[in-house]
1. Checking Ser78 against (1) modelled with pLDDT of 90 or more; (2) exposed (fewer than 10 other Cβ atoms within 10 Å of the Cβ), only one condition comes out false. Which one?
2. Looking at Ala99, Ala41, Ala115, can you tell me which residue is over 24 Å from Glu12 (Cβ atoms) and either modelled with pLDDT of 90 or more or within 23 Å of the chain's Cα centre (by Cα) (or both)?
3. Six or more apart or on different chains, Cβ atoms under 6 Å: show the pairs whose first residue is in region 1-18 and at pLDDT 90 or above and whose second is charged (D, E, K, R).
4. Do any residues in region 47-71 that are under 12 Å from Ala2 (Cα atoms) have Cβ atoms under 7 Å from those of residues that are among the aliphatic types (A, V, I, L, M) and modelled with pLDDT under 95, where the two are at least six apart or on different chains, and which pairs are they?
5. Of all residues in region 29-59, which are loosely packed, with under 14 Cβ neighbours inside 10 Å and either β-branched (Val, Ile, Thr) or part of a loop (DSSP other than H, G, I, E, B) (or both)?
6. If only one of Thr10, Thr35 is over 47 Å from the mean Cα position of the chain (by Cα) and not small (Gly, Ala, Ser), which one is it?
Amino acid sequence: MAYQKRRSATLEKAQARLNGLRSVHAEMDLGNGLTLRDYAALIATSDTRLQAQNLALSEADRTRIEFAETEAALSTLSSRILSAVAAMYGKDSKEYEMAGGKPPSTYKRSKKQAATTSSTTPQNGDTASTNGAAMNGAQAATSVH
């Protein structure tokens, strides 16, 4: 996502005010250092800095996109190199492990998968004891009332 370019409502309002004041008197001097020339100079400085900030945001967008492309290329090359090491030395080799691969001999089955398969298949007599426990719980609940 691109960075949002900034705009300034204050700057826009000041530019509109300057145009209005210039229509009254082009070289207005209100005393105490309040001149249209100083006002216009500060507006111009603000506009220049706003443009510089928006340019910097555009540059940041460009470098972010370039980095993402380079990172994707690096990830692809890393994967290809690891595959080449596996093809040359095998996935259970020390070289594969040193290159950052995880040897298949270190894989572990998840306990969750093993637990669900054993609990769904009742063993001899398990169904009666399970039903009996449920029955006792139901009887206990009715005897409380």
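The values are calculated or read from the model by the stated rules, or taken from the named source; none is laboratory data. Note that the structure is a prediction, hence the values are computed from the model and not measured. In this analysis, Cβ positions are derived from the backbone assuming ideal geometry, glycine residues included, and neighbour counts consider all displayed protein chains.
1. Tallying (1) modelled with pLDDT of 90 or more; (2) exposed (fewer than 10 other Cβ atoms within 10 Å of the Cβ), Ser78 fails exactly one: (2).
2. Numbers: Ala41 fails: over 24 Å from Glu12 (Cβ atoms); Ala115 fails: either modelled with pLDDT of 90 or more or within 23 Å of the chain's Cα centre (by Cα) (or both).
After ruling out the rest, the residue left standing is Ala99.
3. Once the first residue is at pLDDT 90 or above and sits in region 1-18, no partner that is charged (D, E, K, R) comes close enough.
4. Asp61/Ala2
5. Selection gives Leu30, Gly31, Asn32, Gly33, Leu34, Thr45, Thr48.
6. Working: Thr10 fails: over 47 Å from the mean Cα position of the chain (by Cα).
Result: Thr35 is the single residue among Thr10, Thr35 that is over 47 Å from the mean Cα position of the chain (by Cα) and not small (Gly, Ala, Ser).
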